[in-house]
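Undergrad: One structure, pasted below without further comment.
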Amino acid sequence: MHENTTGSWLREKTETKTSSLPNVIVFPSQFPWTLILLPSSNSNQINTRIPVKPTTSQQKSSLFISNSRRNTPPLPMSITANFTFFFVLLSSLAISSFTDNLPTTYDVLSGYNFPIGILPKGATGYDLDKATGRFRAYLNGSCSFSLEGSYQLKYKSTVSGYISENKLTDLSGVSVKVLFFWLDIVEVVRKGDELEFSVGITSASFAIDNFYECPQCGCGFNCNNVERATKLRSGSGLFVSSF
């Protein structure tokens with residue numbers, strides 16, 4: 001009787017221990033999941049868990065990124081706005097500092113030994129290929145004026161040509177009125193203290209001190225109705241006398 005009781009007790013413990021273990025069902029490799037059956041405290045109820053796992057490393061990576069983004073708190077709007085303002089401010093200061101250090105159009109003329117007055121006021125910028133001397137000077141609009149009543153000059157908004165030491169060639173965008181005709185100035189050459197202006201068929205020279213100041217569009221040098229003390233002084237010849 002004692003032996004039967006002991007055997008029955010052993011069988012009961014064995015069955016209880018065995019029933020508490022989960023039943024695991026592994027599906028073939030083409031199915032990306034494993035079925036685990038867990039017994040509950042109620043002997044008639046079985047808990048089923050199906051953990052779905054990614055099938056590829058790419059899916060694992062995307063899940064990790066998604067979770068990390070979800071767990072990262074967003075930056076406050078004030079910090080983002082301050083950072084954006086600071087970045088824009090630094091960029092504008094850097095650009096301003098860079099442009100302030102660039103030589104002006106008039107500085108470039110002086111660098112090639114020309115007086116700044118061969119261009120009127122209002123030059124806004126330029127392009128220069130130092131290897132070939134090709135240049136473009138930009139004005140804030142077309143421009144015309146008279147020099148002491150002697151000549152009328154016209155400038156287009158873009159003046160181009162080739163520049164080298166003491167010489168401007170293949171000019172475009174500058175013209176002078178001689179008698180009743182407008183002629184393009186195609187070349188300017190500095191010879192000592194004179195500038196020689198060529199219109200192709202003729203040329204005229206003027207003292208260089210006539211061009212130390214920049215004339216102003218519309219009124220030349222007489223913008224305040226006060227004539228300059230020094231008249232436009234010619235050098236070796238005039239356009240008219242050269243015909």
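A short reminder: the numbers here are calculations on the coordinates, not readings from a lab. Since the structure is predicted, the reported quantities are computational estimates derived from the model, not experimental observations. Ideal geometry is used to build each Cβ from the backbone, glycine not excepted, and the neighbour counts take in all protein chains shown.
Undergrad: Condition first: among the hydrophobic types (A, V, I, L, M, F, W, C), at positive phi and surrounded by fewer than 20 Cβ atoms within 10 Å (Cβ to Cβ). Can you find one or more residues in the stretch 194-213 that meet it?
TA: No, because not a single residue in the stretch 194-213 is among the hydrophobic types (A, V, I, L, M, F, W, C), at positive phi and surrounded by fewer than 20 Cβ atoms within 10 Å (Cβ to Cβ).
Undergrad: Identify all residues within the stretch 172-189 that are touching a residue at least 60 places away in the same chain (Cβ under 8 Å) and surrounded by fewer than 20 Cβ atoms within 10 Å (Cβ to Cβ); write none if there are none.
TA: Within the stretch 172-189, VAL176, VAL178, LEU179 qualify.
Undergrad: What are the residues in the stretch 218-229 that are crowded, with 18+ Cβ neighbours inside 10 Å and in a loop (DSSP other than H, G, I, E, B), if any?
TA: Within the stretch 218-229, just PHE221 meets the criteria.
Undergrad: Keeping to the stretch 117-137, report how many residues are of a type in the set (Ser, Thr, Tyr) and surrounded by 17 or more Cβ atoms within 10 Å (Cβ to Cβ).
TA: 1
Undergrad: I'd like the full set of residues that are within 18 Å of CYS217 (Cα to Cα) and surrounded by 17 or more Cβ atoms within 10 Å (Cβ to Cβ), limited to the stretch 155-171.
TA: TYR155, VAL159
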